[in-house]
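Working notes, beginning with the structure itself.
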Amino acid sequence: MQNKNVYILAIESSCDDTAAAVLINNKVISNVVANQLIHNQYGGVVPELASRAHQQNIVPVVDAALKKAGITKQQLSAIAFTQGPGLMGSLLVGSSFAKSMAAALQIPLIAVNHMHAHILAHFIEEEGFEQPEFPFLALTISGGHTQIVRVDGFFDMTIIGETTDDAVGEAFDKSAKILGLPYPGGPLVDKLAQTGNPKAFSFTKPKVPGLDFSFSGLKTAILYFVQKNVKENSNFIEENKNDICASIQDTIISILMDKMKLAVQETGIKQIAIGGGVSANSGIRSTLKSAETKYGWKTFIPKFEYTTDNAAMIGIVGYQKYLSNHFETASVVSKARITF
């Protein structure tokens, strides 16, 4: 048993958000995120601009996290950072800062897999939120990933299903772009879908064997559907925007649920936890919650602020690694693609 508190400073810089958090054991004391609005005008994240913005943001964000937590850097037990996956330039800013600060303070350095963090965010101590028991199935859904993971322990995870092409977050964002919605479009599709008819239009679901996913065909089908209807009626999108969004969202949720039902059937595990930016989607959240009574599952949905990229989830992995003395030297390298 730990007889003294562990103070973890966590840094997340995998994409376009610069984030820092302070955890005392498994409890978040501060969680600061600096968003980069510059990418909105380009319709997507520009890697070079992202890394430059991280360089500008990282010192004030870390400073704000420490001040908000009410601690000094001398009280820190270790520093955890995102090793990958992500944009290489962005990752290097976070790792370089973490290495330098850990060396200066002479405290341990902890490297974290971003996707492990999305899953283990469920173990942050938060009032009103239950923690899953091992084993459980994790559905990690984001702009770059769509995975079903069997989780048997904090560091015993196996991918049993994943996308063969595009991720679910990209399907949402590209659909939004086709409809002329601004970036990031996924949350707007979700918002408009809430007042639309999910059965107004039908899209063919891709036939992929086993527990794997595919979303490229669905994106193409949506593009052709919109082009065909706009040709016949130039106001088609504007007149049916909410119904189109609701129908797209309903199809995507149906694809995800079909695979989760199969995963439960094959593994016999009925504890389901979601993570990743797309798990903020209200339709996915409500559908998984209703599965508790419909299928007898126990579903775990993280606090909203722990779904999108944040440093608190990096910190909880850092805490678990600290307990097992899983530290790195300054020679550890950032990886745009990382072994799960």
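Summary of computed values
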item	result
Test result for Ser290, open to solvent by 40 Å² or more (accessible area, probe 1.4 Å) and outside any helix (DSSP H, G or I)	no
Pairs where the first residue, in segment 127-152, is farther than 18 Å from Ser254 by Cα and the second is hydroxyl-bearing (Ser, Thr, Tyr) and open to solvent by less than 50 Å² (accessible area, probe 1.4 Å), C-beta under 8 Å, 6+ apart	Pro135/Thr267; Val149/Thr140; Arg150/Thr267
Test for Ile8: is it crowded, with 23+ Cβ neighbours inside 10 Å, among the β-branched types (Val, Ile, Thr), over 20 Å from the mean Cα position of the chain (by Cα) and at pLDDT 95 or above	yes
Condition met for Pro187 (part of a helix (DSSP H, G or I), at pLDDT below 95, open to solvent by 50 Å² or more (accessible area, probe 1.4 Å) and not aliphatic (A, V, I, L, M))	yes
Answer from Val230, Val278 - the residue that is at pLDDT below 95 and assigned to a helix (DSSP H, G or I)	Val278
Any strands (runs of 3 or more DSSP E) falling wholly within segment 71-158 and containing at least 2 residues that are open to solvent by 30 Å² or more (accessible area, probe 1.4 Å)	146-153
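Listed here are the residues, each with its yes/no results for (1) β-branched (Val, Ile, Thr); (2) open to solvent by 70 Å² or more (accessible area, probe 1.4 Å); (3) more than 27 Å from Phe155 (Cα to Cα).
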| site | (1), (2), (3) |
| --- | --- |
| Asn229 | no, no, yes |
| Phe236 | no, no, yes |
| Glu239 | no, yes, yes |
| Ile252 | yes, no, yes |
| Thr267 | yes, no, no |
| Lys270 | no, yes, no |
| Gly276 | no, no, no |
| Lys298 | no, yes, no |
| Val332 | yes, no, no |
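The values are calculated or read from the model by the stated rules, or taken from the named source; none is laboratory data. Here the structure is a predicted model, which is why all the values come from computation and not from measurement. Neighbour counts run over all protein chains shown; Cβ positions are idealised from the backbone, glycine included. What goes into the accessible areas is simple: the full protein's heavy atoms, side chains included, and nothing from ligands, DNA or RNA. Shrake-Rupley method; radii C 1.70, N 1.55, O 1.52, S 1.80 Å.
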